[in-house]
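Participant: Mind looking over this structure? Questions follow.
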Amino acid sequence: MVESAAEKVRSIETPEGTFTIRLILDDLGSIYPGMIRYTVEVLCGTETVYTYAINSYEVPPASLFDARQAAEIVFSRLAHDVAARPRIYPRPRVFTRQLPGSGTADVVILQGSPRRSGNSARIASWCDDEVARADLSSRVFFLQEMEIRPCIGCYTCYDYGYCPVDDDMPRIIRALESASVLVVCTPVYTGTVPATLKAVIDRCQWLHAREKVLGSEVHARGLLVAVAGRRGTEPFVCVTRVVDAFMGNLGIRPAGPVLIGDLDRARDVSGIEGVEGDVRAALRPLLPEKKNNISRVPHR
Ligand SMILES: Cc1cc2nc3c(=O)[nH]c(=O)nc-3n(C[C@H](O)[C@H](O)[C@H](O)COP(=O)(O)O)c2cc1C
């Protein structure tokens, strides 16, 4: 729950009409300890024509000004500017980039291996097929083939509900926002997930921000299918933790993972007896029922 309070209000009469400048404080402490967002709004009459926002996590420790001081400076600067050149303000400016409007699916499959024809890709194809058999739609993202940049830790997603890094990530966010199931297919790389998948996981902080700030909720189930060269459970310790944290952050409920080791010797996952059936059996109960062409999340 976000607690809002107007900290400061100033009214400015101009030949273009009456403007109001507001400094609003939102307590985002329910998201992260001590997180506060300051929003400065310019209204022309009752219409918001300009918005500036900054939060306390976005400002690094060695900054000259903290978030509140920065917001106060913007407030004063805007008050001066609105009075000096009111004619530029009545036209509202759009600050929230729209996510791409299409490309939703019942099931989103993140294929985290750089190898297009590797084991994770094969597992992704089994999952894709299992979804099609249930007469549902799926989207497989081959992450290595997308332009995904790492999170820059700017925290602006908690201000506006969008990420300023301009790449292919909105397609994934859009798909995840409406999916009923998320499947993560990944190899173990040096004890954890490959770098591109980790970048996607970190960038999904944006989806966490959208959920917490804009109230858009993800009601999905999750499944991890991981492959490793070595035998036993040890190679998967970190991967399962990372993917659990990822899903937990987004409110996605994970089912028990499917962990397939010893691939340095076996090489090809499709040559291991029973594995395809195990993957399909793990996914099947998570799939929503299809009714009258409208799929829905199973009752929980
Ligand atoms: C850079 C790199 C790091 C790896 N690190 C591990 C590891 O820490 N533990 C392990 O068991 N296997 C490791 N492997 C082996 C892969 O997990 C294994 O070959 C897997 O089957 C590859 O999956 P893919 O075919 O989907 O790419 C590593 C492979 C690579 C290329």
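Participant: I need the peptides 201-214, 4-17 ranked by packing, meaning the mean over residues of other C-beta atoms within 10 angstrom, with the highest value on top.
Facilitator: 201-214, 4-17
Participant: Sticking with this one: Can you tell me, using C-alpha contacts under 8 Å and at least 6 residues apart, the relative contact order of the chain as a whole percent?
Facilitator: Working: 581 pairs, mean separation 43.7, N = 300.
With pairs under 8 Å counted, the relative contact order is 15 percent.
Participant: Based on the Cα gyration tensor of segment 94-225, what are the three equivalent ellipsoid semi-axes, each the root of five times an eigenvalue, rounded to whole Å and given largest first?
Facilitator: Semi-axes (√(5λ), whole Å): 25, 18, 12.
Participant: Using a 1.4 Å probe on the protein chains only, how many percent of the accessible area of segment 48-197 belongs to carbon and sulfur?
Facilitator: Here carbon and sulfur together make up 51 percent of the probe-accessible area.
Participant: Below 8 Å between Cα atoms, with a sequence gap of 6+, how large is the relative contact order for segment 3-88 in percent?
Facilitator: Values: 155 pairs, mean separation 21.6, N = 86.
Relative contact order comes out at 25 percent.
Participant: Short version: what are the Cα gyration tensor semi-axes of segment 3-88, square root of 5 times each eigenvalue, largest first, in whole Å?
Facilitator: 26, 14, 8
Participant: Might you tell me the accessible area per residue for the chain, computed with a 1.4 Å probe and given in Å²?
Facilitator: Working: 14950 Å² over 300 residues.
Per residue, the chain has an accessible area of 50 Å².
Participant: Here is a further query. According to the Kirkwood expression over distinct Cα-Cα pairs, how big is the hydrodynamic radius of the chain, in Å? Spell out each step's value before the answer.
Facilitator: On the way: mean 1/r = 0.0464 Å⁻¹.
Averaging 1/r across every pair of different Cα atoms and inverting gives 21.5 Å.
Participant: Tell me, what HN-Hα J-couplings in whole Hz come from the Karplus equation 6.51 cos²θ - 1.76 cosθ + 1.60 at θ = phi - 60° for each residue of segment 194-203, using x for Gly and Pro?
Facilitator: Residue by residue, segment 194-203 yields x, 4, 5, 5, 5, 4, 5, 4, 5, 5 Hz.
Participant: For segment 167-234 and segment 262-280, what is the centre-to-centre distance using only Cα atoms, to the nearest Å?
Facilitator: Centre-to-centre distance over Cα atoms comes out at 23 Å.
Participant: Name the residue, out of 76, 138, 56, whose mean-square fluctuation peaks in a Gaussian network model built on the chain with Cα pairs under 10 Å.
Facilitator: Comparing 76, 138, 56 in the GNM, the peak value goes to 76.
The values are calculated or read from the model by the stated rules, or taken from the named source; none is laboratory data. In this text the structure is predicted, and so the values were computed from the model without any measurement. Ideal geometry is used to build each Cβ from the backbone, glycine not excepted, and the neighbour counts take in all protein chains shown. For the accessible areas, the whole protein counts, side chains as well, though only heavy atoms, and no ligand, DNA or RNA atoms are used. Shrake-Rupley method; radii C 1.70, N 1.55, O 1.52, S 1.80 Å.
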